[in-house]
Structure formats: structure tokens, C-alpha cells
1. I'd like to check something: does the stretch 66-75 contain any residue that is in contact (Cβ under 8 Å) with a residue 60 or more places away in the chain and either among the hydrophobic types (A, V, I, L, M, F, W, C) or open to solvent by 40 Å² or more (accessible area, probe 1.4 Å) (or both)?
2. Looking at 57, 102, 91 in this structure, which one is at pLDDT 95 or above, within 16 Å of ligand 3 (Cβ to nearest atom) and not in a loop (DSSP other than H, G, I, E, B)?
3. When you go through 55, 61, 36, 87 one by one, which is the residue that is open to solvent by 40 Å² or more (accessible area, probe 1.4 Å), under 28 Å from residue 138 (Cα atoms) and among the β-branched types (Val, Ile, Thr)?
4. For the stretch 243-260, check the following and say yes or no: at least one residue is open to solvent by less than 50 Å² (accessible area, probe 1.4 Å), part of a loop (DSSP other than H, G, I, E, B), within 16 Å of ligand 3 (Cβ to nearest atom) and aromatic (Phe, Trp, Tyr).
5. Can you tell me which of 207, 239 is under 19 Å from residue 56 (Cα atoms) and hydrophobic (A, V, I, L, M, F, W, C)?
6. Go through the residues of the stretch 178-193 one by one and say whether even a single one is in a strand (DSSP E or B), among the acidic types (Asp, Glu) and open to solvent by less than 30 Å² (accessible area, probe 1.4 Å).
Amino acid sequence: EAKAQGRNTLRFFDPRIQQAVAERTALEADMRRALVQQQFILHYQAQVEAGGRLVGAEALVRWEHPDRGRVYPNDFIGIAEATGLIVPLGAWILHTACMQLAAWAKNAETAHLILAVNVSARQFRHVHFVAELLEVLRETGADPARLKLELTESLLLDDAEAAIARMIELRTHGVRFSLDDFGTGYSSLSYLKRLPLDQLKIDQSFVRDLITNANDAAIARTIVALAHSLDLAVIAEGVETEEQRALLERFGCCLWQGFLFGQPAPADQMLQQISTLVAP
Ligand code: C2E
Ligand code: MG
Ligand code: MG
Ligand code: MG
């Protein structure tokens, strides 16, 4: 291996890069097949408020690859976006998520749950996105007001006006929006006030070292204050310890998601995890 040969070995054709390219091509071919053969699944991660009450969940896609085992989104969403496969994959994700919402609506214990679904920029920009989502909502009978789309700031890079128009249209049907990974993007604060958002999601990179890093704590506290002054809800992701949760609560962020409350899991397991949780 090149690394083992020392730092002075400069190799023009790094076999690791060649291997990575080959891997990507193989994954792309596999992914087309995977959609047809239904190898994707959704896991759900709890979103919890003070008192330990479950308010909703985030749907997170996984790929149950027949040879590679479980593949996580960071290893295939990028490829799906680059190839356009994110459009059919995203449609499957929204359909599956809405079926889950409709199932929760039938049970008094889960009827109040909000389901957050990640939507990538390319998927959201697709000309038929709004029409197809409305069709999925109709087909599944899911309540649009229980669906929350998690968008990232990258959505604004290309055509912010079109994105805002889409958000406004979906919002008239009751769909909500959360700005994911907030604080890591490029958008200016002036966009923030123009976006018809419901929630900011504090990126986990600010939560990770919250207790030991004063800068991260200052950023998290500022995001909470910003959300409040813009009249937006705020949730923190990547909450792993009680110390992190308590500090976020002190900052005024009272909605949390992270391993402290449960790993992403099939819907029934997610509900079980929460029912056995000690209330924060
Ligand atoms: P994200 O939307 O910011 O999701 C949060 C990620 O943090 C998830 O990784 C989740 O499993 C992980 N996480 C949750 N709690 C903790 C914690 O306490 N500590 C740490 N270290 N991590 C935690 P995952 O599932 O691997 O997803 C990674 C990213 O892939 C997501 O980031 C999202 O950008 C994307 N993604 C996931 N599912 C979908 C999907 O259905 N559609 C699209 N377009 N993108 C998706
Ligand atoms: Mg997300
Ligand atoms: Mg996030
Ligand atoms: Mg993230």
C-alpha cells in the first residue's frame, strides 16, 4: 500500500484512485438494478422534545446491497445525484415515507408524529417534483401537514427563486420545511428571511464538541437565537450525550435528535426505543 511506503513516495497513478473510480462505476450500475429489485429501505430516527415525548422522526435511506451488505447514504447519495438516479430514488423514498405516515395516522399513539424526509437539491429542482409529491400524498392518503421536507442551503445555489416558489406552493398544502445542516452552507442571512421555512436544524458538527469547544457552543447558541427571532422552530441533530442535550436546552433548543435517544432503525423498533427511554 502506498501509505505504508512512506510519505515521500509520490505516485502519479494512485491505484486507490483507480479503485475508487471503478467502485463508483460499479455502484452506479448496481444502483439502477437496486431500484428495480427494491434493495432500498428507510430507517427512522426519533425527534424528541422535553419530557422525552416523541414528536416525530427523520427518514434515512439505507441500501441493503446483496454483496456489500448495508450501504449508507454518504456512499451513494452523491452518485445518485450525479447520475440523476436521485429522481427515481427520491420518488421511492417519498412514497415509502408517506405510506409510513399514513400507517401512523391510523393509530392514536402515533397519529401526531411528523415525518421529516431529506430531499436533495437536484430532486427538488426537478420540474415535476411538486406535482409528483402532491400525487404521492393523494395516493397514500398521508396528511401533508405531517410531512416535513429537509432541504439544504445548496438548493439555493442555482435558482433560488424557483426553489422558493416551489416551497411556497407546497406550503399552501401544509407541507413544512426544515433547513438541514444549518450553519455549514453558503447562503447569506438575507435568503433566510425570504425562505418559507418552519425550522432550522443545527448541524451535528456544532453539537459534537459543544461541551468542550466554546466556539461551537457560541455558534449553536447563536443559531437558536436566530431561529427564535425569525419565529422558526429549531432542532439539534447528532445529540449523543445528556450533557449536550442539557446545554442545548439551556440555549433554548428543546427539540433533539441523536444517538442519545436512538439509532436510526425500522419504524417499529424506533417506537420501542422511545417507549423505554427515561424522560430528559
Ligand atoms: P442528515 O440528513 O444530516 O442526517 C443525519 C445523519 O447523522 C444520519 O446519517 C444519521 O444517522 C446521523 N446521526 C444521527 N444521530 C447521530 C448522532 O448522535 N451522532 C452522529 N455522529 N451521527 C448521527 P446517515 O443516515 O448516514 O445519512 C447521512 C446523510 O445522507 C444525511 O445527513 C442526508 O444528507 C443524506 N440522506 C440520508 N437519507 C436520505 C434520503 O432519504 N434522501 C436524501 N436525498 N438524502 C439522504
Ligand atoms: Mg436530514
Ligand atoms: Mg442534518
Ligand atoms: Mg448532516
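The values are calculated or read from the model by the stated rules, or taken from the named source; none is laboratory data. Computed from a predicted structure; not experimentally measured. Glycine gets a Cβ as well: all are built from the backbone with ideal geometry, and neighbour counts include every protein chain shown. Side chains included, ligands, DNA and RNA excluded: accessible areas come from the protein's heavy atoms. Shrake-Rupley method; radii C 1.70, N 1.55, O 1.52, S 1.80 Å.
1. From the stretch 66-75, those in contact (Cβ under 8 Å) with a residue 60 or more places away in the chain are none; that's our starting set.
No, the stretch 66-75 contains no residue that is in contact (Cβ under 8 Å) with a residue 60 or more places away in the chain and either among the hydrophobic types (A, V, I, L, M, F, W, C) or open to solvent by 40 Å² or more (accessible area, probe 1.4 Å) (or both).
2. Numbers: 102 fails: within 16 Å of ligand 3 (Cβ to nearest atom); 91 fails: within 16 Å of ligand 3 (Cβ to nearest atom).
None of the others qualify; the one that does is 57.
3. Working: 55 fails: open to solvent by 40 Å² or more (accessible area, probe 1.4 Å); 61 fails: open to solvent by 40 Å² or more (accessible area, probe 1.4 Å); 87 fails: open to solvent by 40 Å² or more (accessible area, probe 1.4 Å).
Going through 55, 61, 36, 87 in turn, just one is open to solvent by 40 Å² or more (accessible area, probe 1.4 Å), under 28 Å from residue 138 (Cα atoms) and among the β-branched types (Val, Ile, Thr): 36.
4. no
5. Answer to the check: 239.
6. Yes, the stretch 178-193 has at least one match.
Let's see how each residue does on (1) open to solvent by 40 Å² or more (accessible area, probe 1.4 Å); (2) over 14 Å from the mean Cα position of the chain (by Cα); (3) within 16 Å of ligand 4 (Cβ to nearest atom):
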{"position": "120", "(1), (2), (3)": "no, no, yes"}
{"position": "130", "(1), (2), (3)": "no, yes, no"}
{"position": "158", "(1), (2), (3)": "yes, yes, no"}
{"position": "162", "(1), (2), (3)": "no, yes, no"}
{"position": "168", "(1), (2), (3)": "yes, yes, no"}
